[in-house]
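Below: the structure, in structure tokens.
The values are calculated or read from the model by the stated rules, or taken from the named source; none is laboratory data. This structure is a prediction, so every number in the text was calculated from the model and none was measured. Positions of Cβ are backbone-derived with ideal geometry, glycine not excepted, and every protein chain shown enters the neighbour counts. To get the accessible areas, we keep the full protein, side chains included, count just its heavy atoms, and leave off ligands, DNA and RNA. Shrake-Rupley method; radii C 1.70, N 1.55, O 1.52, S 1.80 Å.
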Amino acid sequence: MTTNALSFEPVRVEREVETISRPSLSYWQDAWLRLKANTRAIVSLYLVIGLLLFTVFGPWLWQVDSSAQDLDQISAPPGAERAVTVVDEYRPWQGATATPVAGAGGELQAPASLSVAGDATTRAVRLQWSAAPDAGGYRIYRSIFDTAPDGALGLPLGDVLDPTTVSFEDRLDLQPLTYHYSVVTLDDRGREATGYTSVPVEVTRVITAAQAHAKGLIDSADVVRPGDVLKLQMHPLGTDYLGRDMLARLMHGARVSLFIGIVAPFAFVLVGIFYGSVAGFMGGRVDQLLMRFADFVVALPFLLFMILFRILFNVQPGDNSILPMMVAMVVLSWPAVARLVRGQILQIREEGYIGASRLLGAKTNYLVLRHMIPNTMGVILVTLTFAVPSAIFTEAFLSFIGMGVAPPTPSWGSMCNEGLKTMLTTPHELIFPAAFISITVLAFNLLGDGLRDALDARMRATE
Amino acid sequence: MSEAAAENLGQGTTWNASALLQLLYLGGFGVLGLGFILWALAQWNEGGAGDAADYATGTVTLAMSQEPPQLDSTRSTDQVSIAVLGHVMEGLLRYDQDDQLVGGVAERWEIGETSATFWLRSDARWSNGDPVTAHDFVFAWRKALEPANVSEYAFILYGIRNAEAVNRGEQPLEALGARAVGDRQLEVEFARPLPYFDKLTAFCTFNPVHEAFYESTAGAYGADADKLLYNGPFVIDQWIHGASLRLKKNPNYWDADRIRLNVIDYAYITSDPLATINLFKDGKVALTSLNAENLTDAMQQRWKIHRFADGSVFYLGLNHRPGRPTSNYHLRKALQAVHDPGELVYKVLKLPGNVPTNSLFPVWLKGVRGSFRQEYPAPKHHPDDARGRELLARALAELGLAELPPLVMLIGDTPTSKKQAEYYQNLFKRKLGIDIKIDAQIFKQRLAKMTSGDYDIVAAGWGPDYDDAMTFADLFTSWNENNRGRYANPVLDAAVDVARSSNDPQTRMDAIAKVQKIIYEDVVVLTQFERGSVYVAHPRLRGVVRRSVGTDPDYTNAWIAPVGG
């Protein structure tokens, strides 16, 4: 058997051992995959996106003026009854008079009867009563609770210091509720007798046709007659202490809160990255100098600078101080980021691949931009997401103490401040802005948490 | 790798177990320690406080809104100082529990056409035992008028002969028409008829000052508890600046038997009305005002709620200085046309007791025979938006502007004034398209800005100093320092001149009615409401007098009923 060249065949090299079974993933793709696996972080991400949509597109969808005051629905909770009856124009009431009755002496008696004249409406409740013997005057009380068990009569509405007048018109903050009115007789020196006469009064909410037109409840072409029932404007989240729509205010407030919460951290993180990478990369004396200056900035008090910037920016009373607030935040908050970035850069500078890259002739710019900053990205992103809630809190705090936005501009912080005063009677004025701050801060924190886990290169290695 | 990890884990758990135990120990001690500190603090805080109105010791505990800024009676201007002075000092006359004028240091008095005479009681004493003499009054009044003393209330003495000239430094102090005839007789000559001089003497600027003591304090008179000499029912026993102020019954007071409280303890100084209400709820203070937000709560607590008109009138002051937009008559008229005091009071402020008004003169003022406002009704006012816009167009044409620059509204820093300002901001924007910038300032700063004219509109109020319509009527005269908007109108000045120089009630009231009309027609200010106040008191604290003119609240006649009494 002869062998020649044809007897030979080239060996087929099977290179399949080297094949990558799964598609290769970039750093970001991998991070995204791991972020997706983290339910908390994903929910937070959707929340953050939702909040941004709420802020940017909300006011287009819900076109209610955030400073319009609906004085018929002050501090109305969400879902409050909105039915209102049309009535005629208001006409002044002459009241009722009676001849004073001389008594047989002895103790002063409360009026024998107390009744409502005409309809009891949110516009006015007109009371009249029978003259009490020897009365020097009368005092009228109103309560939203029953007076019966212990004679707690509630609010003193007014005094009638003329015994011939036996009527009183109440126009004070009438709501469609049942009120308990009481009348107490006064002696001629204005002291109260012990007894009282009480009557429960159910008040209906009313509006005149002219007011309904002015408020846009009906078209000008519509004809309404007294007795017709209309609906007042809808306020899905209720109204505040001046009848302003809470939903519209929350949306406009979010613009301020999120604007500061996102723009300020971005700005100071950028400053911090630049400053920190310069210090870290240069090292030595420059690093010492730069970082000592950073230490100095850390020691500066924020509130004092906030006030100084207000003066510097010539913020007139009644102007918003959003710009000085942002400048103060940027000027004073960057050192934390700078320190973090510097630490990272110092560490990365000594890594082997940096040395290799340098040997291959990489320039400083390339080293910093291609190797160092991307490797600190994880830390930076996390800092950023944690800086957002703290900036929102700072804005809320400054608006809370009255150094932030000026009325009528709302912000979540100033809304909390206003809602706090009526926390016990109308809690929705505090709960909604407080909930929005809490949810936003929580969402950013959880997202930051998730990002830290997803972007950590060392965790990638252990999987 | 996995082994190493397991090992680490193992080490971790053992470390954790011992650390947990240690942590538990430390945490336990920590919690115990903290608990003890809290407990000790609570004990210390409650130390001997007892009830806010304590029958056994005759002590009533209260809160005040700020510590008295000026207890030198010749220079006091604010309500807190005047209220404290009302308890520790006594003038020639005072108001009793029925608001009647009765003798204080003066035993009897005569008010004539051109002069008045006061005879002082022999048993009136200072807290150091010295008798209160007519010289003390003459000294105090001269001091109040002394140009170097810069008393803001000097003008209240101007009814006395030569007082104005003395205050301007044109005449020596000795020229003042007040003279001591011996120790116990005081002669006063008037610059013009002064039928209400007796009412004036109850005001704190007329209080006596002990000359020798005043000089011994070397300029610090009234700055501390021992820098004051007292002649009233109480003395300041202890004054911890910024924290508390305690008044004690004055044994040297001539009418000490009348005083039934032993101690008035202003244990809390807080400007937060909510804090005071909470203190009342906890039984720490015996009296507190309520605000609109707390009324429902107060009804629910079934407290006995009281109401009283404090006598003051609130208004939006306008800046009449030339160059200010508000100096334009038609602009002021436009603001007035859309202004609705009823809406503000009934829907925004929501506090019973506030009464909407179109007049600068409150309803309680006396007229010729009966009530001034019944004899001379307030101007009728109907808000009319269309007319407001018309007037604004005329104003803009006169000012030569296409659009009005934002107007600055100067307000106080209380929650209520902010709420009110936001209401006006929206009202003027919606109805007239005028932008309002809100400038919230603390009281002192607001006053400084009012004086320098650094505003367009200011939320202000005026409380009466004495029980006569003149206390309101001369407010906007060209010579009054309190006319902060610098309104100047010869017709108004002339009317006030007539009212203050006449002795005939009819002539005086006719002239004051003219002032009432000018203030509305020329829109000197936009009147809002007569302020009422709503308060709750400890059920066993009796005899507290609330009044519109004079010391308020007045505890000098108060007493504490025993439990069950």
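Overview of values
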read-out: Folded to 0 to 90 degrees: helix A:428-455 orientation relative to chain A principal axis, Cα; value: 10
read-out: Radius of gyration and Dmax over the Cα atoms of region A:349-463, both given in Å; value: 22.0, 72
read-out: Average beta-carbon neighbours from other chains, 10 Å sphere, peptide B:246-255; value: 0
read-out: Accessible surface ranking that places the most exposed of B:Ser312, B:Ser127 first, with a 1.4 angstrom probe; value: B:Ser127, B:Ser312
read-out: Computed helical MRE - 222 nm, chain A, DSSP H runs ≥ 4 contributing -39500 (n - 2.57), nearest 500; value: -15000 deg cm²/dmol
read-out: Residues of region B:79-227: accessible area per residue with a 1.4 Å probe, Å²; value: 40
read-out: Solvent-accessible area per residue for region A:58-140 (1.4 angstrom probe, square angstrom); value: 52
read-out: Exposure of B:Trp239 as accessible area (Å², to 10), given a probe of 1.4 Å and all protein chains; value: 20
read-out: For region A:37-91, Kirkwood radius (reciprocal of mean inverse C-alpha pair distance, Å); value: 15.5
read-out: Packing-based order for A:103-113, B:200-210, A:217-227, B:116-126, using average beta carbon neighbours within 10 Å, highest first; value: B:200-210, B:116-126, A:103-113, A:217-227
read-out: Environment charge at A:Thr99 (Cβ cut-off 14 Å; Lys +1, Arg +1, Asp -1, Glu -1); value: -2
read-out: Chains B and A together, accessible area buried on both sides, 1.4 angstrom probe, square angstrom; value: 3200
read-out: Accessible surface, per residue, of region B:304-448 when the full set of protein chains is kept, probe 1.4 Å, Å²; value: 42
read-out: Rounded Å value of the spacing that divides the Cα centres of region A:98-138 and region B:360-377; value: 25
read-out: Those lysines that a straight Cα-Cα span of less than 20 Å connects to B:Lys514, excepting residues fewer than 8 apart in one chain; value: B:Lys333, B:Lys366, B:Lys380
read-out: Per-peptide average of other Cβ atoms within 10 Å, ordering B:397-404, A:149-156, A:415-422, B:478-485 highest first; value: A:415-422, A:149-156, B:478-485, B:397-404
read-out: Euclidean distance of C-alpha centroids, region B:484-558 and region A:278-342, integer Å; value: 54
read-out: Whole-percent carbon and sulfur share, accessible surface of region A:86-208, 1.4 Å; value: 48
read-out: Chain B - mean residue ellipticity at 222 nm from DSSP helices (-39,500 (n - 2.57) per run, n ≥ 4, rounded to 500); value: -10500 deg cm²/dmol
read-out: Cα gyration tensor category, rounded, prolate or oblate, for chain B with a/c compared to 1.5; value: oblate
read-out: Peptide B:432-439 - average C-beta neighbours from other chains (10 Å radius); value: 3
read-out: Mean separation of Cα contacts under 8 Å (6+ apart) over length of region A:207-287, as relative contact order %; value: 12
read-out: Over region A:311-372, equivalent-ellipsoid semi-axes from the Cα gyration tensor in Å; value: 42, 12, 6
read-out: Ranked order, A:His213, B:His241 - accessible area, probe 1.4 Å, largest first; value: B:His241, A:His213
read-out: Rg/Rg_ref, region A:86-208, where Rg_ref = 2.2 N^0.38 Å and atoms are Cα; value: 1.06
read-out: Convex hull of Cα atoms in region B:497-547, direction-averaged projection (nm²); value: 6.2
read-out: Region A:48-136: translational diffusion in µm²/s, Stokes-Einstein, Kirkwood Rh over Cα pairs, 4 °C, 1.567 mPa s; value: 68
read-out: Highest to lowest packing among B:324-334, B:504-514, scored as the average C-beta count within 10 Å; value: B:324-334, B:504-514
read-out: Long-range Cα-Cα pairs in chain A (distance over 39 Å), rounded percent; value: 51
read-out: Charge-dipole axis of the protein assembly as shown as Lys and Arg at +1 and Asp and Glu at -1 on Cβ define it, positive-most pick from A:Ala68, B:Gln70, B:Gln185; value: A:Ala68
read-out: Between 0 and 90°, nearest 10: helix A:412-421 axis offset from chain A longest Cα axis; value: 30
read-out: Formal net charge of residues neighbouring A:Val125 (Cβ-Cβ distance under 11 Å; K, R +1; D, E -1); value: 0
read-out: Whole-Å distance, taken between Cα centres, linking region B:206-274 and region B:406-471; value: 33
read-out: Probe 1.4 Å, all protein chains present, accessible-area order of A:Tyr181, A:Tyr353, B:Tyr214, largest first; value: A:Tyr353, B:Tyr214, A:Tyr181
read-out: Charge-dipole axis of the protein assembly as shown as Lys and Arg at +1 and Asp and Glu at -1 on Cβ define it, positive-most pick from B:Leu335, A:Ser115, B:Tyr266; value: B:Leu335
read-out: Principal axis box of the protein assembly as shown, alpha-carbon based, largest edge first, Å; value: 159, 78, 68
read-out: Net +/- balance of residues flanking B:Leu176 in space, Cβ distance below 14 Å, scoring K and R +1, D and E -1; value: -1
read-out: Whole-Å semi-axes of region B:407-519's equivalent ellipsoid (Cα gyration tensor); value: 31, 15, 13
read-out: List of region B:389-429 residues, accessible area with partners at least 20 Å² below that of the chain alone (1.4 Å probe); value: B:Pro415, B:Lys419, B:Glu422, B:Tyr423, B:Gln425, B:Asn426
read-out: Shielding by partners, peptide A:69-81 (average Cβ within 10 angstrom, other chains); value: 2
read-out: Area projected by the alpha carbon convex hull of region B:79-227, averaged over all directions, nm²; value: 8.8
read-out: Accessible-area value, A:Tyr141, 1.4 Å probe, nucleic acids and ligands omitted, Å²; value: 0
